[in-house]
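*Asks:* Once you've had a glance at the structure underneath, I'll fire off some questions.
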Amino acid sequence: MLFKIIILFFVFIAVLGFFGKMHWLGGKRLSQSKCPGCGRYRIGRSPCPCLKKG
């Protein structure tokens, strides 16, 4: 019984990982919100701090 629970847990985690890598669940939007200069995620509408330097 314990073995079945462990197997189901690992299957559930694998399915979550599979869906997390798909781009139609928001992955494309997250990759577009990165700064092209430093690669950090931009939060809000203001430019990245690395672009303000200089």
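The values are calculated or read from the model by the stated rules, or taken from the named source; none is laboratory data. Just so we're clear, the structure is a prediction, and the values are computed from it rather than from any experiment. Here the Cβ is made from the backbone with ideal geometry for all residues, glycine too, and neighbour counts use every protein chain on show. Ligands, DNA and RNA are excluded from the accessible area calculation, which covers all protein heavy atoms including side chains. Shrake-Rupley method; radii C 1.70, N 1.55, O 1.52, S 1.80 Å.
Yes/no per residue for (1) touching a Ser or Thr at 6+ places or on another chain (Cβ under 7 Å); (2) at pLDDT below 80; (3) open to solvent by 100 Å² or more (accessible area, probe 1.4 Å); (4) hydroxyl-bearing (S, T, Y):
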| site | (1), (2), (3), (4) |
| --- | --- |
| F12 | no, no, yes, no |
| L16 | no, no, no, no |
| L30 | no, yes, no, no |
| G44 | no, yes, no, no |
| C50 | no, no, no, no |
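*Asks:* Is there any pair with a first residue in the range 4-19 that is touching a residue at least 12 places away in the same chain (Cβ under 8 Å) and a second that is β-branched (V, I, T) whose Cβ atoms are under 7 Å apart and which are 6 or more apart or on different chains, and what are they?
*Replies:* If the second residue must be β-branched (V, I, T), no pairs are left.
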